[in-house]
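Q: What follows is a structure written as C-alpha cells; I'll ask about it next.
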Amino acid sequence: MKFPATNVRQPLLREFLIFLAFIGLTAIMTWPWVLHLRDAVPDAGDPYAISYLMWWDYHQTFHDPLNLFHATFFYPYRYTLAFGEFDYGVSLIFFPLFALGVRPLTVYSLAAFLSFPFTGYATFRLARTLSGSRGIAWVAGIIIAFLPFRFHHLSHLHLIFAGWIPLVFEALVLFARRRSWPRAVWLGFAFLMNGLTCTTWLILTILPLTISGSMLLTRYSAWKDRKFWLRAGITLAGACLLLLPFLLPLRRVAAEHGFSRSAEEVMHYSARPINWLTSDERTKVWRGFGAAGLDTEMVLFPGLLAPLLALAAFLIAKPGAIRRDEPPETSSRKWIMLAALDGAAVLAGVVVILTLGFNVFRLRPFGMTLMTAKEPDHALFVLLLVLVTRCLIAYPSVVRTALSGDRNLAETVRSPRRSELFGHALVWTIIGFAGSFGLNFFFYRFLYEFIPVFKGMRVATRWGMICYVGLALLAGLGAKRLAEAMTGRWPQFGRAATYGVLVVAILFELHAAPLKMMRGEINPDELTLFLKHQKMSGGILELPIGDSDHVYMLRAADHGHPIVNGSYSFVPALQREIRQLSNSEPITDQFLDLLETNKVSYIAVHNSLIGVETRTELEDFFKRGVASGRLKFIKSFPPSPREAQERTGQRNDLYAVMKIAPDAASVELR
C-alpha cells in the first residue's frame, strides 16, 4: 500500500526551518512578548505557582528524586505535588536552563512562549503525515497554534504546552503504517511525555486515540499482525510503568483527602452553546464577541474561519469527483427500514424541542399519560443513535448530493477524495465537542458517573482541545478543497495563492498583538533572602494566606524552605482553617495552638496586603504571643516592589514560634 509522504526521512534542516517559521509567527502574533521573555507573565497568579513547580521538579530530581512528590508547599501535608498538575514533562525539557541558573519565572516565560510554535509544529506534522499535503499542514498548524482558547489559558502552562497531543497521534499513525521498533519506541515516548506534561490531556486523549487506533488497524490490516501487538505492547507498557510513579500519588491523595469534584462544581464548568460563541479578550478581531463576564475556562470560540473551512471539507468536492453511478434503491425492505429510522428521528427531535420548551413534557392523549420527559438527554441520545444508524446504512439524498455522491458514513470516512485525515478529524471533533458540554450532555455525564477518574476533573470545557485538533485538521482539508476549486475555475489564480490568502486571513483573525503582559517579580525580596539563610525544623506561614499564595510559592523557590501556604487545584483543610482563624475578630489563641501543633517555625506578615481592621487584630494577637513568650519578634523588612505599590508604608514583620524554633532568639538582627 502506498502511503502519503511523511516527515520521517525529511532533512532535519527543513524541519528546523519549519519550527523556526512557527517561532517567527509567534513573535509577530504575540508582539511584544518576545522582547520581554525575561520576566513577562500574563498575571501574578498561576504563572508564579507553576514557576515554582518547574523549579521543584528540577531541584528534587537531582537532590532527592524518590521524594519528588513531597513538595515544600502546603506544609505539613505530604505528596502535595499530587494535589494538581505536576508539569514534569514541561520542566524536563527546560532542565538545562535551570542548570545554567536561569530564574524560575524566566523559564516559565520561555516555556509559555515556545508552547505556541511547539503545538503548531506538532499539528503541522500530524496533518502532513495524515494527508501528505504541506498546505493542509500549514493551515492546521497555524489554527491550533493561535486559538483564542490558548490565549485564554496563557496562565496554565500545562494546558497550552499541548504539542504532545498531535505528536502521540502522529506516532500512532506512523507505527500503524510500518510496525518497526523505532516507530514503536517513538509512540511510547510520545505517550509518556503527553502524560508527564498534563494528566488532563493524558485522560482526555485516551478515547479518541483508541477509536483512531481501531480505524488505523482496520485500514492497514494490523489486527492480526503479531509485530504490531508485541512492539506496541512492550513500548506502551514501558511508558505506563514510567508513568506509574507519577500517577499513584494522585490516586493516594485523592483517597486520603477525598479529592473529588461535586456535580455542582463540574456543572459550573460545563459548556453551553453560548460558550462556543465567546472569544478571549486578547484576540483583537473577536474581542467582545459572545457573552460578557464569563468565568475563566468558559471561552471556546475558535474563530470563524476554522469552522467555515471545516465545513468546506464536507461540501466542496474534488474537481471531477462527483459520482454518477448511483443505483436506485430497489430493496423494499431497506426502504421500509430507512423510512422507520427517519420517522424515529423526527419523533425524537420533536421530543427534544418540546422538552427544552417545557420544564416537564407529558404526552397525555385522552387523559392517559403515555410519556413523560423532564430532560432532553434521553431523546437526544435516541436522535443521535438513529441518525448515525441511518447514515451508516444510507445518506438521505440531499446529504448524498452535498457529499459528492458518497452513499453512507462509512464510505465518507474511507473516501480517498477526502484523505485518511477526514475520518480521524471527524472523530476527534465530535468527541471533543460533545465532551465540552460536561454534565449538560449525556456523553460526559456517563463518564462522570461510571469512570472514577472523571470524578476528579473539574473543567469539562477542556475537552475543547480535543475538538480543536480535529477541527484544525478539517480546516486544513477544507483549505485544500477550496484551493482545488479555485484553481479549477480560475487556473491563473493557483493553489499557492489561495493558501497564502487563507493563511494571512487566519493570522489576521487570530492575532493578539499587541499582547498585554505584566512584568513579573523575578528577584527575591529582602525577607526571602533572610529566610534562605535560616535553619528551621518546621515551616513558614505567610500572612495574609489565600490571595497572595502564588507569590509565596514563587519565593519558596528562592529560600527553599517549606511553606504552609499554597495554591493548587485542591486546597486542603488546614489552609482553609488558618485563613478563617487569621481573619476572625478577635484572633484567639486557638490560632497559635494550631500553628504549634502543625510545626510552624516562622510567621511572615505582609502588612501592605492586609486590611486595616485585620491588621489591628493581628497586631493584638502578636503582642499577646510575644508577651506570653510563645512568639518572638525577629525583624522588620521593607516591602517588595509589588507590595510597595500599595503605598501603605507598611513593612513586613517576621515572628518565630518559640516552641518550634527555640533557637530563633539568637538570630543576629541586622
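Q: Select, from S548, S537, the only residue that is buried (at least 19 other Cβ atoms within 10 Å of the Cβ) and among the polar types (S, T, N, Q).
A: Working: S537 fails: buried (at least 19 other Cβ atoms within 10 Å of the Cβ).
Matching residue, one of S548, S537: S548.
Q: Can you tell me which residue among A497, A483, A513, A472 is open to solvent by 20 Å² or more (accessible area, probe 1.4 Å), in contact with a helix residue (DSSP H, G or I) (Cβ under 7 Å, 6 or more places away or on another chain) and of a type outside the set (K, R)?
A: On the way: A497 fails: in contact with a helix residue (DSSP H, G or I) (Cβ under 7 Å, 6 or more places away or on another chain); A483 fails: open to solvent by 20 Å² or more (accessible area, probe 1.4 Å); A472 fails: open to solvent by 20 Å² or more (accessible area, probe 1.4 Å).
It is A513.
Q: Spot the failing condition for I587; the list is (1) open to solvent by 10 Å² or more (accessible area, probe 1.4 Å); (2) modelled with pLDDT under 95, and only one is missed.
A: Condition not satisfied by I587: (1).
Q: Which of the residues that make up the range 504-523 are of a type outside the set (A, V, I, L, M, F, W, C), in a loop (DSSP other than H, G, I, E, B) and closer than 17 Å to G120 by Cβ? Walk me through it before giving the result.
A: Here is the first cut: in the range 504-523, the residues of a type outside the set (A, V, I, L, M, F, W, C) are 509, 511, 514, 516, 519-521, 523.
The next check asks that each one be in a loop (DSSP other than H, G, I, E, B); those that pass are 511, 514, 516, 520-521, 523.
Listed by number, the list holds a single entry, H511.
Q: Then there's this: Do we find a residue being in contact with a strand residue (DSSP E or B) (Cβ under 6 Å, 6 or more places away or on another chain) and open to solvent by less than 20 Å² (accessible area, probe 1.4 Å) anywhere in the range 75-83?
A: The first filter runs over the range 75-83 and keeps only residues in contact with a strand residue (DSSP E or B) (Cβ under 6 Å, 6 or more places away or on another chain), leaving 75.
Adding the requirement that they be open to solvent by less than 20 Å² (accessible area, probe 1.4 Å) leaves none.
No: zero hits.
Q: Next up: Looking at the range 63-74, is at least one residue at pLDDT below 95, open to solvent by 20 Å² or more (accessible area, probe 1.4 Å), farther than 30 Å from S221 by Cα and assigned to a loop (DSSP other than H, G, I, E, B)?
A: No.
Q: Using beta carbons and a limit of 7 Å, which pairs, at least six apart or on different chains, have the first residue in the range 76-87 and assigned to a loop (DSSP other than H, G, I, E, B) and the second one at pLDDT 95 or above and of a type in the set (A, V, I, L, M)?
A: Every condition considered, the pairs that remain are F86/L53; D87/I50; D87/L53; D87/M54; D87/L157.
Q: Please pick out the residue among G367, G357 that is modelled with pLDDT of 55 or more and open to solvent by less than 70 Å² (accessible area, probe 1.4 Å). Walk me through how you get there before you give the answer.
A: Details: G357 fails: modelled with pLDDT of 55 or more.
Result: G367 is the single residue among G367, G357 that is modelled with pLDDT of 55 or more and open to solvent by less than 70 Å² (accessible area, probe 1.4 Å).
Q: Identify the single condition in (1) within 18 Å of R462 (Cβ to Cβ); (2) part of a loop (DSSP other than H, G, I, E, B) that A222 does not satisfy, given that it satisfies every other one.
A: (1)
Q: Within the range 370-394, work out how many residues are of a type in the set (G, A, S) and at pLDDT below 70.
A: 1
Q: Taking the range 135-160 on its own, how many of its residues are outside any helix (DSSP H, G or I) and open to solvent by 10 Å² or more (accessible area, probe 1.4 Å)? Can you show your working first?
A: At the first step, the residues of the range 135-160 found to be outside any helix (DSSP H, G or I) are 146-147, 153-156.
Pick out the ones that are also open to solvent by 10 Å² or more (accessible area, probe 1.4 Å) and you get 155-156.
Total satisfying the criteria: 2.
Q: Also, I was wondering about something else. Is it true that S584 is within 33 Å of the chain's Cα centre (by Cα) and closer than 30 Å to S260 by Cβ?
A: Details: within 33 Å of the chain's Cα centre (by Cα): no; closer than 30 Å to S260 by Cβ: yes.
Criteria not met by S584.
Q: Also, I was wondering about something else. Which ones in the range 211-246 are of a type in the set (S, T, Y) and surrounded by fewer than 16 Cβ atoms within 10 Å (Cβ to Cβ)?
A: First pass over the range 211-246, keeping only residues of a type in the set (S, T, Y): 212, 214, 218, 220-221, 235.
Correct list: S214, T218, S221.
Q: Of the residues that sit in the range 487-503 and are more than 14 Å from L309 (Cβ to Cβ) and either assigned to a helix (DSSP H, G or I) or charged (D, E, K, R) (or both), which one is nearest to the chain's Cα centre (by Cα)?
A: Initial filter on the range 487-503 (more than 14 Å from L309 (Cβ to Cβ)): 487-497, 500.
Still in the list and also either assigned to a helix (DSSP H, G or I) or charged (D, E, K, R) (or both): 487-489, 495-497, 500.
Working: T487: 39, G488: 41, R489: 42, R495: 35, A496: 34, A497: 34, G500: 30 Å.
That would be G500.
Q: Still on this structure: Looking at the range 162-208 only, could you name the residues that are polar (S, T, N, Q) and in a helix (DSSP H, G or I)?
A: Kept after step one, since they are polar (S, T, N, Q), are these residues of the range 162-208: 180, 194, 197, 199-200, 205.
The answer is N194, T197, T199, T200, T205.
The values are calculated or read from the model by the stated rules, or taken from the named source; none is laboratory data. It should be emphasised that the depicted structure is a prediction, and the values quoted were computed from it without experimental measurement. Quick reminder, even Gly has a Cβ in these numbers, built from the backbone with ideal geometry, and neighbours come from all protein chains shown. The protein model used for the area step is the full one, side chains on, heavy atoms only, and it has no ligands, DNA or RNA in it. Shrake-Rupley method; radii C 1.70, N 1.55, O 1.52, S 1.80 Å.
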